[in-house]
Amino acid sequence: MALTTVDNNNKLIRFTKEINREYVRDNLFSPYMSEDMNAIIRIRNEPKSGGEVMNIPFVKRLKGAGVGSGTLVGFEEKIDNYGMRLKVDWARNAVVTNNAENQRDSADIFGEAKPLLSDWGRSRQRDDIIKALMAIPTETLPAADQTVNGLLYETASAGQRDAWMAANADRVQFGALRVNSVSNVHATALATLDITNDKLTAANLSLLKRVAMNADPHIRPYKTKDGYEYFVAFAGTNTFRDLKLDLLPYNKDSRPREGNGMDKNPLFQDGDLIFDGIIVRQVPEISSFVTNTWTNLLTAGTTSNRTEPVFLCGQQAAALAWGKMAHPTFRKEDDYQFLTGVGIEMCYGAIKMYSKHPMTGSNLVQSGVVTGFFSSAAD
């Protein structure tokens, strides 16, 4: 019997026009970004009217004792104030194709250009906020094409990191003990962290809050619409995992599990953790930065263990200033309508808020965030 076989060129190939895009996580800082004075990440739109540098003024609280019934003339108190400069710059991206490639395309790949560019823009802003929170405050404006204000942590020298620690000693925490940072030597403080006691636990999270409450100048908590005050901590996947495991007994014993109780119990549902007046939000890209950018943290602990930052924030911890909101662009040089290009452009600047303290000094103090460092084994 002669069996008829199908030639390779005649074999059926099914092509789908449904395209699967790689998942791009939303900007997890978004719920805490607004133009309100209460916002953790303050949106500023003043540069939209022109200019590439804006000044954000700070005034400090009055600390004097005042007078009683005696003469006040000559005993007035000076207002301590500072102007923080923020620079905006451009971020752009684009994709291009031509008629020949469109003719070959079975699924309209180029049709995904706009959503892909939109995803890129959101990712860029999220990553810049993370970089800004980790950056070292500096009065030097960023170089051209850099949308993050401040000295990037990965480019800072050991001396610059030490100077930042000394200036922010009351708002930097290493692990479980305040004494871990007394040396004001960044590498030495990191080397005190061990994988047993210096993880992000409930107790260490509460310590981070106490550091924020005792800081001077003060860090103002975030206030919800119903009047509750919270600090908000942003943590990577590894530190968030450690905290979630440590909170299991609390969630197991103090929260209902029956009926619709499981809908809000972190034992069963993922999402933000709330403990001791602190909202803890997981931002996986923080861990990615440790792996790929802040690589000195990979082997920083006592046994060369991994360390990750946690940013405990109050009001106006950071700012995102817009010179021009993200909008689509299109290629004009089209080679007689043969090329098709679509892009995105935006003009903005991200910064960790800071001020000079005291006004006559030289220390630049981050205004609304405590930076914590905790050991956290990689999975």
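Structure above, values below:
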| item | result |
| --- | --- |
| The stretch 85-109-the stretch 308-339 distance, computed between alpha-carbon centres (Å) | 15 Å |
| Approximate spin-label separation E139-R104, in nm, with each point projected 7 Å along Cα-to-Cβ | 5.7 nm |
| Calculated on alpha-carbon atoms, Rg and Dmax of the chain in Å | 25.6, 120 |
| Hydrodynamic radius by Kirkwood, which averages 1/r over all alpha carbon pairs of the stretch 33-178, in angstrom | 20.3 Å |
| Straight-distance crosslink candidates among lysines, where the alpha carbon sits under 21 Å from K78 and sequence neighbours closer than 8 are dropped | K60, K63, K356 |
| Residues of type aspartates and glutamates that K324 reaches as a straight line, Cα spacing below 12 Å, ignoring anything fewer than 8 places off in the same chain | E46, E52, D89, E345 |
| Chain lengthening between M1 and D276 when straightened (0.36 nm per residue, less Cα-Cα) | 90.9 nm |
| Helix 113-134 axis, angle to the chain major axis (alpha carbon atoms, nearest 10°) | 20 degrees |
| Highest-fluctuation residue, R210, R85, R42 considered, GNM on the chain with Cα pairs under 10 Å | R210 |
| Separation in nanometres of the label points that stand 7 Å from Cα toward Cβ, at S30 and F75 | 5.5 nm |
| Extension reserve of the D335-R178 stretch, reckoned as 0.36 nm per residue once the Cα distance is removed | 50.1 nm |
| Total formal charge among the other residues, if their Cβ is under 13 angstrom from that of K199, Lys/Arg +1 and Asp/Glu -1 | -2 |
| Antiparallel DSSP beta bridges within the chain, as percent of all bridges there, nearest 5 | 75 percent |
| Per-residue HN-Hα couplings for the stretch 72-84 [Karplus 6.51, -1.76, 1.60; θ = phi - 60°; Hz; x = Gly/Pro] | 8, 4, x, 10, 5, 9, 6, 8, 6, 9, 7, x, 9 |
| Under DSSP loop assignment and at most 11 Cβ neighbours within 10 Å, longest chymotrypsin sites (Phe, Trp or Tyr not before Pro)-free interval of the chain | 76-227 |
| Rounded tilt (10° steps) of 237-246 against the dominant C-alpha axis of the chain | 60 degrees |
| Tilt relative to the chain, helix 158-167 - C-alpha long axis, 0 to 90 degrees, to 10 | 50 degrees |
| Signed unit charges on C-beta, dipole axis of the stretch 144-214, positive-most listed residue F174, A187, G150 | F174 |
| Separation of alpha-carbon centers, the stretch 50-70 and the stretch 26-47, rounded to whole Å | 23 Å |
| Cβ-placed point charges (K, R +1; D, E -1), dipole of the chain about Cα centre in debye, nearest 20 | 640 debye |
| GluC sites (Glu not before Pro) within the stretch 72-156, DSSP loop, no more than 14 other Cβ atoms inside 10 Å | E76, E77, E139 |
| Helix-derived mean residue ellipticity, 222 nm - over the chain, DSSP H n ≥ 4, -39500 (n - 2.57), to 500 | -6500 deg cm²/dmol |
| Of all accessible heavy-atom area on the stretch 20-120, the percent that carbon and sulfur account for (1.4 Å) | 51 percent |
| Estimated inter-spin distance, R85 and N292, nm [label 7 Å along Cα→Cβ] | 3.2 nm |
| Restraint check, K48/K114; K209/K352; K131/K244; K87/K244; K114/K244, Cα-Cα greater than 29 Å | K87/K244; K114/K244 |
| Inverse mean reciprocal Cα-Cα distance (Kirkwood Rh) of the stretch 171-210, Å | 10.3 Å |
| Loop-located trypsin sites (Lys or Arg not before Pro) in the stretch 310-378, at most 11 other Cβ atoms within 10 Å (DSSP) | K332 |
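The values are calculated or read from the model by the stated rules, or taken from the named source; none is laboratory data. This one's a predicted model, so the numbers in the text were calculated from it and none came from an experiment. Note that each Cβ is placed from the backbone with ideal geometry, even for glycine, and that neighbours are counted across all protein chains shown. Side chains are part of the model used for accessible areas, which takes the heavy atoms of the whole protein and leaves out ligands, DNA and RNA. Shrake-Rupley method; radii C 1.70, N 1.55, O 1.52, S 1.80 Å.
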